[in-house]
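Below is one structure, written out as structure tokens, with a few remarks after it.
The values are calculated or read from the model by the stated rules, or taken from the named source; none is laboratory data. Everything numeric in this text was worked out from a predicted model, so none of it was measured. Note that each Cβ is placed from the backbone with ideal geometry, even for glycine, and that neighbours are counted across all protein chains shown. All accessible areas refer to the heavy atoms of the entire protein, side chains included, with ligands and DNA or RNA removed. Shrake-Rupley method; radii C 1.70, N 1.55, O 1.52, S 1.80 Å.
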Amino acid sequence: MRFARRLDAVPPYLFAELERKIAEKRGAGVDVISLGIGDPDLPTPQPVVDALAAAARDPGTHQYPTNHGSDEFREAASGFYRERFAVDLDPAGEVVPALGGKEAVGHIALALLDPGDVCLSPDPGYPPYTSGPVFAGAEVHYLPLTEANGFLPDLDTIPAETLARANVLFLNYPNNPTGAVAEPGYFERAVERARAADLVVVHDNAYSELCYDGYRAPSFLETPGAKEVGIEIFSLSKGWNMTGWRSGLVAGNAEVVERFRHLKTNLDSGMFEAVQRATIAALTEAREFPREMSKVYERRRDLVAEALAAIGLAVDPPRATPYFWVRVPDGHTSESFAELMLEEAGVVVSPGPAYGPSGEGFFRLSLTVPDNRLEEAMRRIEALGVASGEPPGSPGPPPSSRFAGGPYGAA
């Protein structure tokens with residue numbers, strides 16, 4: 001059989017490979033703790049579940065939906081943006097449903113990029129910022145996110161010849177995988193650069209509702225001129241524990257929103273009406289739920305920050321997102337450290353290069369597991385002594401009292 005070559009241009013999807021490794025280890029009887037995948041461990045809020053159940057029993061939801069989304073969905077999305085971000089969206093033409101952020105990223109790439117175009121993608125970054133443009137036949141120009149620059153891409157260093165061919169700039173703040181936030185003024189500079197270079201800014205806003213220490217993440221669309229140059233993808237996956245529901249929206253520039261919708265009318269049949277009604281419930285009845293989740297993740301963040309510091313791994317606790325972006329210990333690559341964690345501790349972390357070449361030297365750790373499992377994972381890592389440079393199996397540093405106890409492999 002012959003297959004399309006476009007799939008050969010991208011590696012197997014990171015999280016599919018992690019799931020394979022986890023299944024393999026668990027099949028061998030290993031008690032694996034996965035800190036590699038950001039899939040919330042707590043349930044979706046009850047009003048959302050109730051709205052879905054009620055809608056699913058309504059025969060009126062059983063027919064094809066419209067890719068434009070229901071009037072009620074678009075009104076709820078517009079109301080949320082007005083109340084949360086002080087952003088006015090025209091529900092008639094500046095917002096449409098998306099089947100989660102991943103779908104939106106991929107389809108936006110198809111709607112905006114032609115073969116020979118350039119896409120400006122953060123590195124490290126969410127893998128679809130690379131695979132989407134590649135499937136569209138475009139070239140990817142990586143924008144390194146360095147610790148020295150606060151994990152923000154330096155838009156002033158993009159070569160002029162690259163800018164001349166570029167049509168899309170992906171941004172994502174609060175950021176996956178680094179946990180960084182956009183500092184004041186950064187979105188303003190992005191708008192200026194996009195206007196000057198005729199770029200479309202696509203801001204992936206997946207984590208604005210998970211913030212700590214009193215921080216409240218902004219929307220890109222709050223920025224003066226943002227709707228003239230771009231759109232925002234908003235996802236309910238993480239803030240409302242709805243990863244499996246595939247619920248999100250695309251909002252902003254009316255022309256880009258319409259082209260996105262036009263593409264989707266040819267590729268899918270829209271969001272199930274029952275999921276639209278559940279999303280409305282999330283944005284209205286369960287509006288404050290992400291603040292509850294933020295308290296949970298903030299507690300877990302503090303637990304992990306204390307543990308990592310105790311074992312000698314330097315950390316900068318994030319102000320948003322359920323992720324830590326951590327330097328690997330001396331003597332390790334990202335891959336060798338991730339392999340060590342899995343083989344010797346039964347703990348899964350994501351190696352940095354899975355998010356792009358600039359991720360080398362880091363790993364990502366997710367907070368989306370129960371507190372007791374996080375404590376157990378930290379105890380296992382501590383027992384290896386890796387941060388002190390001790391070889392696996394050596395005594396290493398004495399375990400801290402908070403994370404000591406329990407045989408390896410205990411659930």
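Which whole-Hz couplings ³J(HN,Hα) result when phi for each residue of the range 236-242 is put into the Karplus expression 6.51 cos²θ - 1.76 cosθ + 1.60, θ = phi - 60°, listed in order with x for Gly and Pro?
Coupling constants for the range 236-242: 9, 4, 8, x, 10, 6, 10 Hz.
Go ahead and set up a Gaussian network model of the chain, Cα springs under 10 Å, then flag whichever of 224, 329, 127 fluctuates most.
Checking each option, the largest mean-square fluctuation is seen for 224.
Need one number: nm distance between label points at residue 39 and residue 3, each 7 Å from Cα along Cα→Cβ, rounded to one decimal.
Each label point is offset 7 Å from its Cα along the Cβ direction, giving 2.2 nm.
Give the shape of the range 1-67 as rounded, prolate or oblate, defined through the alpha-carbon gyration tensor: a ≥ b ≥ c are the square roots of its eigenvalues, a/c under 1.5 means rounded, and otherwise the shape is prolate if a/b is larger than b/c and oblate if not.
Numbers: a/c = 3.02, a/b = 1.37, b/c = 2.21.
Oblate shape, in that a/c is at least 1.5 and b/c is the bigger or equal ratio.
Would you mind telling me the share, in percent, of accessible area of the range 243-304 contributed by carbon and sulfur at probe 1.4 angstrom?
Numbers: 1260 of 2620 Å².
The computed percentage sits at 48.
What full-extension length gain, to one decimal in nm, is calculated for residue 339 and residue 147 as 0.36 nm per residue of separation minus the Cα-Cα distance?
On the way: separation 192, 0.36 × 192 = 69.12 nm, distance 2.40 nm.
Residue separation times 0.36 nm, minus the Cα-Cα distance, leaves 66.7 nm.
Within the set of other residues whose C-beta is less than 15 Å from the C-beta of residue 168, count the net charge using Lys and Arg as +1 and Asp and Glu as -1. Provide the component values of the computation, followed by the final result.
Working: positive: 165, 193, 195, 259; negative: 114, 117, 123, 139, 198, 204, 232, 255.
Result for the local shell: -4.
Looking at the range 216-305, which trypsin sites (Lys or Arg not before Pro) are in a loop (DSSP not H, G, I, E or B) and have at most 13 other Cβ atoms within 10 Å? All intermediate terms of the calculation are to be shown ahead of the outcome.
Values: sites: 216, 227, 238, 246, 259, 261, 264, 277, 287, 291, 295, 299, 300, 301; in loops: 216, 238, 246, 287.
Of the trypsin sites (Lys or Arg not before Pro), the ones in loops of the range 216-305 whose Cβ has at most 13 other Cβ atoms within 10 Å are 216.
May I ask for the net charge around residue 118, where only other residues with Cβ less than 12 Å from the Cβ of residue 118 are counted and Lys, Arg are +1 while Asp, Glu are -1?
Working: positive: 165; negative: 114, 117, 139, 161.
Result for the local shell: -3.
Looking at the range 345-378, which GluC sites (Glu not before Pro) are DSSP coil and have at most 13 other C-beta atoms within 10 Å of their C-beta? Present the calculation step by step, with values, prior to reporting the outcome.
Numbers: sites: 360, 375, 376; in loops: 360.
For GluC sites (Glu not before Pro) across the range 345-378 that sit outside H, G, I, E and B with at most 13 neighbouring Cβ atoms in 10 Å, the list is empty.
Looking at 361, 56, 224, which one has the Cα that reaches farthest to the positive end of the dipole of the chain (charges on Cβ: Lys, Arg +1; Asp, Glu -1)?
Projecting each Cα onto the dipole axis, the largest value belongs to 56.
How large is the helix-only mean residue ellipticity at 222 nm for the chain, computed as the sum of -39500 (n - 2.57) over DSSP H runs with n ≥ 4, divided by its residue count, in deg cm²/dmol to the nearest 500? Write down the numbers at each step before the final one.
Details: 13 runs with 148 residues, N = 411.
After summing the helix terms and dividing by residue count, I get -11000 deg cm²/dmol.
Amide H neighbours of residue 166 under 5 Å, at least 5 residues apart or on other chains, H built in the peptide plane: list them.
118
Taking amide H atoms as placed 1.01 Å from N in the peptide plane, list the residues 5 or more away in sequence, or in a different chain, whose amide H sits under 5 Å from that of residue 204.
171, 172, 173, 233
Give the accessible surface of the chain per residue, rounded to a whole number of Å², with probe radius 1.4 Å and ligands, DNA and RNA excluded. Don't skip to the end; give the middle numbers.
On the way: 17390 Å² over 411 residues.
Per-residue accessible area for the chain comes out at 42 Å².
Is there a quick way to get the dipole size of the range 179-318? I mean about its Cα centre, with the Cβ of Lys and Arg at +1 and of Asp and Glu at -1; what is the value in debye to the nearest 20?
Numbers: 17 positive and 21 negative charges, 62 e Å.
Result for the range 179-318 is approximately 300 debye, rounded to the nearest 20.
Report the local net charge at residue 197: Lys and Arg +1, Asp and Glu -1, summed over other residues whose C-beta lies under 14 Å from its C-beta.
Numbers: positive: 165, 189, 193, 195; negative: 117, 156, 161, 192, 198, 228.
Within the 14 Å Cβ shell, the charges total -2.
Once the dipole of the chain is set up with Lys and Arg at +1 and Asp and Glu at -1 on Cβ about the Cα centre, which of 16, 384, 70 lies farthest towards its positive end?
Toward the positive end, the furthest listed residue is 16.
What ³J(HN,Hα) values, in whole Hz, does the Karplus curve 6.51 cos²θ - 1.76 cosθ + 1.60 give for the range 75-91 when θ = phi - 60°, with x put for Gly and Pro?
5, 5, 5, 5, x, 4, 5, 5, 6, 7, 10, 6, 10, 8, 10, 7, x
Ignoring ligands, DNA and RNA, please state the percent of accessible area on the range 118-175 from carbon and sulfur, probe 1.4 Å. Show your work: numbers first, answer last.
On the way: 1050 of 1980 Å².
Its accessible area is 53 percent carbon and sulfur atoms.
I'd like the antiparallel share, as a percent to the nearest 5, of DSSP beta bridges with both residues in the chain. It would help to have the intermediate numbers written out before the result.
Values: 17 of 37 bridges.
The antiparallel proportion sits near 45 percent.
So if I place +1 on the C-beta of Lys and Arg and -1 on the C-beta of Asp and Glu, and nothing else carries charge, what would the dipole magnitude of the chain be about its Cα centre? I want it in debye, nearest 20.
Working: 37 positive and 57 negative charges, 133 e Å.
The calculated dipole for the chain is roughly 640 debye.
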